[in-house]
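For reference, the structure discussed in these notes is given below.
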């Protein structure tokens, strides 16, 4: 069996399957593309992806490929975990704030205002989860 056929995807993940409206997001993630939901009525992006815009109430929403770039708005270093990790709020260049993890760096070096970019990490369930790394 090849390595590719052994890899899981969002189609194997009960969480992703439970929310079929997020399927385009998980499909794009498998191609290392980061999508955000935007509203064609108020012309603003929002996170978490919803069918109805949480900013204006319109159902005229669409998926758009995002830059994957952002700025650390706030964070917490979780030192008592094994291994320690950073829980962060990142303001995407497109506007919304996403709750995520900062990875692949010296955890003690992270500061508010740091520029970060998206990276996808596989979950045990199968989907690729967006996390961020310092630029």
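Derivation of every value follows stated rules applied to the coordinates shown; laboratory data play no part. Quick caveat, the model's predicted, so the values are computed rather than measured. Cβ coordinates were reconstructed from backbone atoms using ideal geometry, including for glycine residues, and neighbour counts include every protein chain displayed.
Just a few scattered comments:
- Estimated [θ] at 222 nm from DSSP helical runs (n ≥ 4, -39500 (n - 2.57)) normalised by residues in the chain, nearest 500: -2500 deg cm²/dmol
- Rg and Dmax of the range 57-135, Cα atoms only, in Å: 13.7, 43
- Build a GNM of the chain with springs between Cα atoms under 10 Å apart, and of 111, 119, 37 the one that fluctuates most is 111.
- Virtual spin-label span in nm between residue 76 and residue 58, 7 Å along Cα→Cβ: 3.5 nm
- Computed on the chain, with alpha-carbon pairs under 8 angstrom and 6+ residues apart, the relative contact order is 23 percent.
- When the chain is treated as a GNM with alpha-carbon contacts under 10 Å, the residue of 50, 121, 80 showing the greatest mean-square fluctuation is 80.
- A full extension of the chain between residue 23 and residue 43 corresponds to an added length of 5.0 nm, given 0.36 nm per residue minus the alpha carbon distance.
- The length gained on full extension between residue 115 and residue 133, counted as 0.36 nm times the residue separation minus their Cα-Cα distance, comes to 5.6 nm.
- GNM result for the chain, Cα springs below 10 Å: residue of 58, 76, 109 fluctuating most strongly: 109
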